[in-house]
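Single-structure report; data block below.
The values are calculated or read from the model by the stated rules, or taken from the named source; none is laboratory data. A quick note: this is a predicted structure, and the numbers were derived from the prediction, not measured. So basically every Cβ, Gly included, is an ideal-geometry build from the backbone, and we count neighbours across all protein chains shown.
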Amino acid sequence: MNAAATGLLDADRTSERIKALGPWFHNMNLNGVWTAPDHPLGDYPAMKWRRFADAIPADLSGKSVLDIGCNGGFYSIEMKRRGAAHVVGIDHDPDYLAQARFAADVLGFEIEFHQLSVYDVAQLGERFDVVIFMGVLYHLRHPLLALDLIRAHAAADMLVFQSMQRGSSDVAEFADDYPFTETGIFDRPEYPKLHFIEKRYAHDPTNWFVPNRGAAEAMLRSAGFAIEAHPEEEVYICRCGPQPEDGAVYPPRGTAR
Ligand SMILES: C[S@@+](CC[C@H](N)C(=O)[O-])C[C@H]1O[C@@H](n2cnc3c(N)ncnc32)[C@H](O)[C@@H]1O
(Lines give C-alpha, C1' and ligand atoms only; values in the text may rest on other atoms or scores of the structure.)
Protein backbone atom coordinates (compact mmCIF):
# COMPACT_ATOMS: atom_id res chain seq x y z
CA MET A 1 0.00 0.00 0.00
CA ASN A 2 1.30 3.44 -0.83
CA ALA A 3 2.34 6.16 1.57
CA ALA A 4 -0.68 8.37 0.90
CA ALA A 5 -3.20 5.55 1.30
CA THR A 6 -1.75 4.50 4.62
CA GLY A 7 -2.01 8.10 5.85
CA LEU A 8 1.72 8.18 6.53
CA LEU A 9 2.13 11.42 4.68
CA ASP A 10 0.18 14.50 5.63
CA ALA A 11 0.55 17.71 3.61
CA ASP A 12 3.32 19.04 5.87
CA ARG A 13 5.38 15.88 5.56
CA THR A 14 4.74 15.76 1.79
CA SER A 15 5.93 19.33 1.54
CA GLU A 16 9.12 18.51 3.43
CA ARG A 17 9.86 15.51 1.20
CA ILE A 18 9.15 17.50 -1.98
CA LYS A 19 11.60 20.14 -0.81
CA ALA A 20 14.25 17.57 0.07
CA LEU A 21 13.91 15.88 -3.35
CA GLY A 22 13.99 19.17 -5.31
CA PRO A 23 14.53 21.04 -7.49
CA TRP A 24 11.74 19.57 -9.65
CA PHE A 25 11.27 19.98 -13.41
CA HIS A 26 7.82 18.34 -13.36
CA ASN A 27 5.08 20.24 -11.59
CA MET A 28 2.65 17.77 -10.02
CA ASN A 29 0.09 17.98 -7.25
CA LEU A 30 1.03 15.49 -4.53
CA ASN A 31 -1.27 15.43 -1.56
CA GLY A 32 -2.32 19.02 -2.34
CA VAL A 33 1.27 20.23 -2.57
CA TRP A 34 2.77 21.36 -5.92
CA THR A 35 6.26 20.16 -6.74
CA ALA A 36 7.34 23.03 -9.02
CA PRO A 37 4.90 25.91 -8.54
CA ASP A 38 7.44 28.49 -9.81
CA HIS A 39 8.36 26.62 -12.99
CA PRO A 40 9.66 29.11 -15.60
CA LEU A 41 7.49 27.44 -18.28
CA GLY A 42 4.31 27.66 -16.14
CA ASP A 43 2.36 24.57 -15.12
CA TYR A 44 4.80 22.25 -16.87
CA PRO A 45 4.42 19.71 -18.37
CA ALA A 46 0.64 19.68 -17.82
CA MET A 47 0.18 22.65 -20.16
CA LYS A 48 2.12 20.83 -22.91
CA TRP A 49 0.34 17.51 -22.25
CA ARG A 50 -3.07 19.19 -22.68
CA ARG A 51 -2.06 20.17 -26.23
CA PHE A 52 -1.47 16.58 -27.44
CA ALA A 53 -3.22 14.33 -24.89
CA ASP A 54 -6.08 13.60 -27.31
CA ALA A 55 -3.64 12.12 -29.84
CA ILE A 56 -2.92 9.18 -27.53
CA PRO A 57 -5.55 6.50 -26.84
CA ALA A 58 -7.64 7.42 -23.79
CA ASP A 59 -7.79 3.75 -22.81
CA LEU A 60 -4.44 2.00 -22.55
CA SER A 61 -5.78 -1.08 -20.76
CA GLY A 62 -3.49 -4.04 -21.27
CA LYS A 63 -0.77 -1.92 -22.89
CA SER A 64 2.86 -1.61 -21.92
CA VAL A 65 4.58 1.78 -21.86
CA LEU A 66 8.23 2.82 -21.69
CA ASP A 67 8.92 6.43 -20.69
CA ILE A 68 12.53 7.29 -21.66
CA GLY A 69 13.94 10.26 -19.76
CA CYS A 70 10.99 10.03 -17.40
CA ASN A 71 12.27 12.79 -15.08
CA GLY A 72 9.77 13.30 -12.20
CA GLY A 73 7.40 10.73 -13.71
CA PHE A 74 4.65 13.01 -15.06
CA TYR A 75 4.08 11.09 -18.31
CA SER A 76 4.52 7.65 -16.69
CA ILE A 77 1.81 8.62 -14.21
CA GLU A 78 -0.49 9.93 -16.96
CA MET A 79 -0.13 6.59 -18.79
CA LYS A 80 -1.15 4.78 -15.59
CA ARG A 81 -4.14 7.11 -15.24
CA ARG A 82 -5.16 5.80 -18.70
CA GLY A 83 -5.05 2.25 -17.43
CA ALA A 84 -1.74 1.04 -18.89
CA ALA A 85 -0.99 -2.40 -17.48
CA HIS A 86 2.79 -2.09 -17.28
CA VAL A 87 4.69 1.20 -17.16
CA VAL A 88 8.46 1.47 -17.00
CA GLY A 89 10.24 4.79 -16.59
CA ILE A 90 13.97 5.13 -17.20
CA ASP A 91 16.28 8.07 -16.65
CA HIS A 92 20.04 8.33 -16.23
CA ASP A 93 19.66 10.78 -13.34
CA PRO A 94 19.08 9.16 -9.93
CA ASP A 95 17.75 12.39 -8.40
CA TYR A 96 14.93 12.61 -10.94
CA LEU A 97 14.18 8.91 -10.44
CA ALA A 98 13.84 9.51 -6.69
CA GLN A 99 11.26 12.19 -7.46
CA ALA A 100 9.40 9.87 -9.84
CA ARG A 101 9.32 7.05 -7.29
CA PHE A 102 8.03 9.40 -4.60
CA ALA A 103 5.35 10.90 -6.87
CA ALA A 104 4.11 7.48 -8.00
CA ASP A 105 4.07 6.27 -4.40
CA VAL A 106 2.08 9.25 -3.11
CA LEU A 107 -0.41 8.94 -5.98
CA GLY A 108 -0.68 5.18 -5.53
CA PHE A 109 0.53 4.05 -8.96
CA GLU A 110 2.65 0.96 -9.51
CA ILE A 111 5.38 1.97 -11.93
CA GLU A 112 8.83 0.45 -12.43
CA PHE A 113 11.64 2.99 -12.45
CA HIS A 114 15.19 2.13 -13.49
CA GLN A 115 18.38 4.13 -13.69
CA LEU A 116 19.26 3.47 -17.32
CA SER A 117 20.50 5.50 -20.26
CA VAL A 118 18.61 5.47 -23.52
CA TYR A 119 21.79 4.06 -25.07
CA ASP A 120 21.32 0.92 -22.94
CA VAL A 121 17.63 0.45 -23.65
CA ALA A 122 18.33 -3.04 -25.05
CA GLN A 123 19.11 -4.14 -21.49
CA LEU A 124 15.38 -4.02 -20.69
CA GLY A 125 14.99 -7.00 -23.03
CA GLU A 126 11.44 -5.95 -23.84
CA ARG A 127 9.43 -4.13 -26.51
CA PHE A 128 6.66 -1.77 -25.45
CA ASP A 129 3.34 -0.90 -27.09
CA VAL A 130 3.96 2.80 -26.43
CA VAL A 131 7.38 4.41 -26.10
CA ILE A 132 7.53 8.00 -24.86
CA PHE A 133 10.67 9.86 -25.89
CA MET A 134 9.96 13.43 -24.95
CA GLY A 135 12.47 16.19 -24.37
CA VAL A 136 15.56 13.98 -24.49
CA LEU A 137 16.88 14.00 -28.09
CA TYR A 138 18.55 17.43 -27.89
CA HIS A 139 20.27 16.46 -24.63
CA LEU A 140 22.17 13.68 -26.40
CA ARG A 141 25.56 13.73 -28.06
CA HIS A 142 24.40 10.83 -30.26
CA PRO A 143 20.76 11.59 -31.05
CA LEU A 144 20.26 9.40 -34.14
CA LEU A 145 21.87 6.45 -32.37
CA ALA A 146 19.28 6.83 -29.61
CA LEU A 147 16.41 6.74 -32.11
CA ASP A 148 17.97 3.74 -33.88
CA LEU A 149 18.30 1.89 -30.57
CA ILE A 150 14.70 2.62 -29.59
CA ARG A 151 13.51 1.28 -32.95
CA ALA A 152 15.82 -1.75 -32.80
CA HIS A 153 15.18 -2.83 -29.21
CA ALA A 154 12.27 -1.10 -27.43
CA ALA A 155 9.45 0.05 -29.71
CA ALA A 156 6.69 -2.37 -30.69
CA ASP A 157 4.09 0.00 -32.11
CA MET A 158 3.73 3.68 -31.08
CA LEU A 159 6.40 6.30 -30.42
CA VAL A 160 5.47 9.61 -28.78
CA PHE A 161 8.32 11.95 -29.63
CA GLN A 162 9.12 15.53 -28.73
CA SER A 163 12.15 17.69 -29.33
CA MET A 164 12.97 21.33 -28.95
CA GLN A 165 13.28 22.72 -32.48
CA ARG A 166 15.13 25.74 -33.74
CA GLY A 167 15.55 27.15 -37.23
CA SER A 168 12.96 26.85 -39.96
CA SER A 169 9.62 25.23 -39.14
CA ASP A 170 8.85 24.84 -42.86
CA VAL A 171 9.05 21.46 -44.52
CA ALA A 172 9.85 20.88 -48.18
CA GLU A 173 10.16 17.89 -50.48
CA PHE A 174 13.76 17.02 -51.29
CA ALA A 175 14.96 14.54 -53.90
CA ASP A 176 16.42 11.21 -52.81
CA ASP A 177 19.74 12.20 -54.36
CA TYR A 178 21.58 15.21 -55.81
CA PRO A 179 24.74 15.53 -57.89
CA PHE A 180 27.97 16.48 -56.09
CA THR A 181 27.84 19.86 -57.81
CA GLU A 182 24.52 20.77 -56.18
CA THR A 183 25.39 22.87 -53.15
CA GLY A 184 22.52 25.35 -52.96
CA ILE A 185 20.09 23.01 -51.21
CA PHE A 186 22.20 23.11 -48.05
CA ASP A 187 21.58 26.84 -47.75
CA ARG A 188 17.82 26.41 -47.82
CA PRO A 189 16.49 26.99 -44.28
CA GLU A 190 14.04 24.09 -44.51
CA TYR A 191 16.74 21.55 -45.52
CA PRO A 192 17.03 19.10 -42.57
CA LYS A 193 19.54 20.65 -40.16
CA LEU A 194 20.79 19.47 -36.79
CA HIS A 195 22.39 22.44 -35.07
CA PHE A 196 25.41 21.48 -33.01
CA ILE A 197 25.90 23.39 -29.76
CA GLU A 198 29.53 23.28 -28.75
CA LYS A 199 29.22 25.08 -25.40
CA ARG A 200 25.73 25.75 -24.08
CA TYR A 201 22.30 27.00 -25.07
CA ALA A 202 19.89 28.63 -22.60
CA HIS A 203 22.73 28.34 -20.05
CA ASP A 204 22.42 24.56 -20.32
CA PRO A 205 25.58 22.63 -21.23
CA THR A 206 23.52 19.46 -21.78
CA ASN A 207 21.91 20.87 -24.96
CA TRP A 208 23.93 19.30 -27.80
CA PHE A 209 21.98 18.97 -31.05
CA VAL A 210 18.83 20.92 -31.86
CA PRO A 211 17.01 19.97 -35.07
CA ASN A 212 14.89 22.18 -37.26
CA ARG A 213 11.51 20.71 -38.09
CA GLY A 214 12.80 19.08 -41.28
CA ALA A 215 15.58 17.29 -39.40
CA ALA A 216 13.31 16.12 -36.56
CA GLU A 217 10.97 14.53 -39.10
CA ALA A 218 13.75 13.14 -41.32
CA MET A 219 15.53 11.56 -38.35
CA LEU A 220 12.34 9.85 -37.20
CA ARG A 221 11.79 8.44 -40.69
CA SER A 222 15.43 7.43 -41.05
CA ALA A 223 15.29 5.49 -37.78
CA GLY A 224 12.26 3.52 -39.01
CA PHE A 225 9.31 5.49 -37.62
CA ALA A 226 6.35 6.55 -39.74
CA ILE A 227 4.90 9.89 -38.63
CA GLU A 228 1.18 9.47 -38.07
CA ALA A 229 0.24 12.75 -36.41
CA HIS A 230 1.78 16.08 -35.45
CA PRO A 231 -0.66 17.30 -32.79
CA GLU A 232 1.61 19.95 -31.26
CA GLU A 233 4.45 21.86 -32.90
CA GLU A 234 7.18 19.81 -31.18
CA VAL A 235 5.29 16.54 -30.69
CA TYR A 236 4.96 13.63 -33.13
CA ILE A 237 2.95 10.44 -32.87
CA CYS A 238 4.72 7.73 -34.87
CA ARG A 239 4.27 4.06 -35.67
CA CYS A 240 7.03 1.56 -36.17
CA GLY A 241 7.81 1.15 -39.84
CA PRO A 242 10.35 -1.19 -41.43
CA GLN A 243 13.63 -1.26 -39.52
CA PRO A 244 16.49 0.39 -41.40
CA GLU A 245 19.14 -2.12 -42.43
CA ASP A 246 22.04 0.09 -41.35
CA GLY A 247 20.52 1.07 -37.98
CA ALA A 248 22.15 1.18 -34.56
CA VAL A 249 25.92 0.57 -34.56
CA TYR A 250 26.15 0.28 -30.77
CA PRO A 251 26.13 -2.10 -29.02
CA PRO A 252 27.90 -4.14 -31.71
CA ARG A 253 25.50 -6.47 -33.52
CA GLY A 254 24.91 -9.70 -31.69
CA THR A 255 25.92 -8.44 -28.25
CA ALA A 256 22.55 -6.95 -27.25
CA ARG A 257 20.09 -9.16 -25.42
C1 LIG B 1 14.03 18.04 -20.53
S2 LIG B 1 13.89 16.64 -19.49
C3 LIG B 1 12.42 15.91 -20.20
C4 LIG B 1 11.62 15.15 -19.18
C5 LIG B 1 10.32 14.53 -19.69
N6 LIG B 1 10.55 13.47 -20.61
C7 LIG B 1 9.45 15.60 -20.30
O8 LIG B 1 9.23 15.61 -21.51
O9 LIG B 1 8.96 16.42 -19.53
C10 LIG B 1 15.15 15.53 -20.05
C11 LIG B 1 15.26 14.27 -19.25
O12 LIG B 1 16.06 13.35 -19.98
C13 LIG B 1 16.96 12.72 -19.07
N14 LIG B 1 18.10 12.24 -19.86
C15 LIG B 1 19.08 12.97 -20.45
N16 LIG B 1 19.96 12.16 -21.07
C17 LIG B 1 19.52 10.89 -20.89
C18 LIG B 1 19.99 9.61 -21.29
N19 LIG B 1 21.11 9.47 -21.99
N20 LIG B 1 19.29 8.53 -20.94
C21 LIG B 1 18.14 8.65 -20.21
N22 LIG B 1 17.66 9.83 -19.79
C23 LIG B 1 18.33 10.94 -20.12
C24 LIG B 1 17.29 13.82 -18.08
O25 LIG B 1 17.84 13.31 -16.87
C26 LIG B 1 15.94 14.46 -17.89
O27 LIG B 1 15.17 13.85 -16.90
Among the residues of region 160-173, is there at least one that is surrounded by 16 or more Cβ atoms within 10 Å (Cβ to Cβ) and of a type in the set (Asp, Glu)? no
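Taking region 122-138, which residues are acidic (Asp, Glu) and part of a strand (DSSP E or B)?
Scanning region 122-138 gives a single hit, 129.
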Based on this model, can you work out whether residue 14 counts as at pLDDT 95 or above, surrounded by 17 or more Cβ atoms within 10 Å (Cβ to Cβ) and farther than 30 Å from residue 126 by Cα? no
For region 86-99, how many residues are more than 10 Å from the ligand (Cβ to nearest atom) and touching a residue at least 60 places away in the same chain (Cβ under 8 Å)? 1
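Which residues, taken from region 45-62, are touching a helix residue (DSSP H, G or I) at 6+ places or on another chain (Cβ under 8 Å) and of a type outside the set (Gly, Ala, Ser)?
Of everything in region 45-62, those that are touching a helix residue (DSSP H, G or I) at 6+ places or on another chain (Cβ under 8 Å) and of a type outside the set (Gly, Ala, Ser) turn out to be 45, 49, 60.
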Across region 125-138, which residue is nearest to residue 201 (Cα to Cα) among those that are in contact with a Leu (Cβ under 8 Å, 6 or more places away or on another chain) and within 12 Å of the ligand (Cβ to nearest atom)? 137
Residue satisfying all of: in region 26-42; over 19 Å from residue 70 (Cβ atoms) and surrounded by 17 or more Cβ atoms within 10 Å (Cβ to Cβ); modelled with the highest pLDDT among these: 33
Expected single match for closer than 30 Å to residue 126 by Cβ, at pLDDT 95 or above and crowded, with 21+ Cβ neighbours inside 10 Å among 45, 57 is 45
Show the residue pairs meeting these rules: Cβ distance below 9 Å; 6+ apart or different chains; first residue within region 74-85 and among the small types (Gly, Ala, Ser); second residue in a helix (DSSP H, G or I) and within 11 Å of the ligand (Cβ to nearest atom). 76/100; 84/76
Where a residue in region 100-127 is closer than 15 Å to residue 85 by Cα and its partner, wherever it lies, is surrounded by fewer than 20 Cβ atoms within 10 Å (Cβ to Cβ) and acidic (Asp, Glu), with Cβ under 8 Å and at least six apart: 104/110
Could you give me the residue pairs with C-beta distances under 6 Å whose first residue belongs to region 10-24 and is within 14 Å of residue 98 (Cβ to Cβ), whose second residue is of a type in the set (S, T, N, Q) and assigned to a loop (DSSP other than H, G, I, E, B) wherever it lies, and which are 6+ apart or on separate chains? 18/35; 24/35
Tally up the residues in region 54-74 that are farther than 11 Å from residue 130 by Cα and more than 16 Å from the ligand (Cβ to nearest atom), please. 5
Residues being more than 10 Å from the ligand (Cβ to nearest atom) and more than 12 Å from residue 67 (Cβ to Cβ): count how many of those fall in region 110-123. 3
Strands (runs of 3 or more DSSP E) completely within region 139-257 that count 2 or more residues being within 16 Å of the ligand (Cβ to nearest atom), in contact with a strand residue (DSSP E or B) (Cβ under 7 Å, 6 or more places away or on another chain) and β-branched (Val, Ile, Thr): 235-240
For the structure I just gave you, tell me whether residue 122 is crowded, with 23+ Cβ neighbours inside 10 Å and more than 16 Å from residue 24 (Cα to Cα). no
